[in-house]
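Structure record follows, encoded as structure tokens.
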Amino acid sequence: MSLILVQSPKGGVGVTMCAGSLAMIIAKSGATVTALDLTGQDSLKLWVGVRPEQVVYGAAPHAKDIMLQSGVRPVSVGRARPGAMQSLALVDAVAIATDYAIADIASDDEDTLNALMPRSSLCLTVLSAQAGSLALLPRALERAGEDGKVVFVVNNVDARRRVAADAARMVAASVGDRVTALIRHDQAVEEALASLEPLPLFAPLSAAVADLTALSGCIAKLARRPAARAPAADVG
């Protein structure tokens, strides 16, 4: 299994959108994907085709039906943040049955981030092309250190706005080739959420989906492709 962490030093920059949309896009390529909501917000499920009233807790059996509909297996602990130890247990629980686990981590949950980093294949640090997000770039760089599996994604890049273009250049100048993707500002993102549909299904030809699809290709190259899994033991 390849564990992909998606996080940011600041909330509200599109981490959950990126995690859920990437899970959908990677699943479309034929891989088995688990979307792990470790934030305590229980909102990642909205980006993979699960409605708000549907309950997806842990590795419950009813999650299988949802997985068949969306191509992604959603795993959540509801509105209680799991913490580092429970997050590790969830990762272990899904490891046998998935090629990729994409984990959405809360911006202030450094304990879980630090606990999962040694197990991860890649860590996507999402920044927004806005002043509030970029002000935390030094913190993001400190978190990343020299770890080569930490890469950066700049979300909400609007070429029509000078500040957004300057922000993207600032990040590129700071982290160099560790900028893996620029995701363009796209009204379809908000429209998809308002319609309670996953972005790749709601607007498959949108600019954001094109950028996320390109990012998924980078992930496949950067993250070590998992080895073939052994058959699950028959416990019935």
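Among the numbered conditions (1) among the hydrophobic types (A, V, I, L, M, F, W, C); (2) over 21 Å from LEU127 (Cβ atoms); (3) outside any strand (DSSP E or B), the only one that MET17 does not meet is (2). The requirement of being part of a loop (DSSP other than H, G, I, E, B), at pLDDT below 90 and under 11 Å from LEU36 (Cβ atoms) is fulfilled nowhere in region 85-93; no residue meets it.
Taken together, LEU182, LEU196, LEU222, LEU212 contain a single residue that is at pLDDT 80 or above, loosely packed, with under 15 Cβ neighbours inside 10 Å and under 20 Å from the mean Cα position of the chain (by Cα), which is LEU196.
Kindly provide the set of residues from region 135-166 that are farther than 18 Å from ALA208 by Cα, in contact with a Lys or Arg (Cβ under 9 Å, 6 or more places away or on another chain) and modelled with pLDDT under 80, ordered by number. Within region 135-166, ALA135, LEU136, ARG139, ALA140, ALA144, GLY148 meet the criteria. On the basis of being aliphatic (A, V, I, L, M) and touching a strand residue (DSSP E or B) at 6+ places or on another chain (Cβ under 7 Å), does LEU222 make the cut? For LEU222, the condition - aliphatic (A, V, I, L, M) and touching a strand residue (DSSP E or B) at 6+ places or on another chain (Cβ under 7 Å) - is met.
The values are calculated or read from the model by the stated rules, or taken from the named source; none is laboratory data. This structure is a prediction, so every number in the text was calculated from the model and none was measured. Counting neighbours? That spans all protein chains shown, and the Cβs are built from the backbone with ideal geometry, glycine included.
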